[in-house]
Amino acid sequence: MQWLLRVLHVADTTLPTGTTFVLTDEALLGRSPDASIRVDHASVSRHHLRWCPLDDDTIELTNLSRSSAVFLDGAPLAPGQTQRGPAPTRLQLGAVLFEIEPLAATEPYAQRLDPSPGDAPPHEALFEVIQDGDAFAIRCRGRFVDLPPTACRLFARLARQSSTVVHHWDLQDAVGPGGNLAQLSTLVRRGLRDLIDAGVVEPAELRELIRASSGSGRMEDLDDSDTDALLRRLILSRRGHGYVLCMPPESIRFLGADD
């Protein structure tokens, strides 16, 4: 059996969205030229993932990276770990998010790339992450979010893998050893609360982003959530794993300092 591996989202343009690979038998995914599936992106390890089909229904996946987690449908596969089970529908290596489909199911694929008139329009970028060297700033509709530098780095790191769990160790690496992730996530929520209070963004817009995110879990109580609860859902803690920024990738744009 074969699978189609398609780049669904990446934080920059070095690996274009829509790039596809075909997985057949056992494959090595990574940045190295000797990888059978070469994913040429700086966030991907040289030898990152081994893909080994055991039968049509079972795939053995091994994280070969020494420091970076692999995410299978949002759940982390830690360095050195192996998992057996059905093929995931979403696979994340570093900052590259893939969609996986059985190749037999992709015959009408080109039709799905052109949305029908009844399809909902994509979300426009509501937030901008501006990078200047190692420093980041966060902007929403032309207004900068009032955040300390470490909180900006936290938001930027979460935004690179929005809708997907970012593990504690990856976040700690982004903010530095002295950064307290719980305190920094609270500061980000306060900064977003200031945007709501100033009328820059409406709670209803954030609810829409959460609904469009694949990482936000149950939706039944979303309409009844007050603003503070809504912001906790937007910056969602996954105990024992990390945090999720519950926004669809297309709602965030990454810019350089000169853009």
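Quick notes on this structure:
- Residue ID - farthest from A174 (Cα to Cα), chosen from residues in the stretch 219-256 that are among the small types (G, A, S) and either outside the structural domain of L181 (by TED's automatic domain parsing) or not in a loop (DSSP other than H, G, I, E, B) (or both): A229
- Filtered residues of the stretch 71-85 (kept if within 21 Å of the chain's Cα centre (by Cα) and in a loop (DSSP other than H, G, I, E, B)): D73, G74, A78, P79, Q81
- Residue list for the stretch 135-153, filter: free of Cβ contacts under 8 Å to residues at least 12 places away in the same chain and in a loop (DSSP other than H, G, I, E, B): G142
- Residue match in the stretch 160-174 (condition: surrounded by fewer than 15 Cβ atoms within 10 Å (Cβ to Cβ), aliphatic (A, V, I, L, M) and either farther than 24 Å from H9 by Cβ or not assigned by TED's automatic domain parsing to the domain that holds L72 (or both)): no
- Cβ-Cβ under 8 Å pairs, at least 6 apart or on other chains, the stretch 192-213 side touching a residue at least 60 places away in the same chain (Cβ under 8 Å), far side of a type in the set (A, V, I, L, M, F, W, C) and assigned to a loop (DSSP other than H, G, I, E, B): V201/L126; E205/L126; L209/L126; L209/C246; L209/M247; A212/M247
- Selection within the stretch 22-57 - over 20 Å from the mean Cα position of the chain (by Cα), modelled with pLDDT under 90 and of a type in the set (S, T, N, Q): T24, S36
Rundown of residues vs (1) of a type in the set (S, T, Y); (2) loosely packed, with under 13 Cβ neighbours inside 10 Å, yes/no style:
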{"position": "H9", "(1), (2)": "no, no"}
{"position": "G18", "(1), (2)": "no, yes"}
{"position": "A27", "(1), (2)": "no, no"}
{"position": "S36", "(1), (2)": "yes, no"}
{"position": "H48", "(1), (2)": "no, no"}
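The values are calculated or read from the model by the stated rules, or taken from the named source; none is laboratory data. Remember, predicted model here, so these are calculated numbers, not experimental data. Cβ: placed from backbone, ideal geometry, glycine included. Neighbour counts: every protein chain shown.
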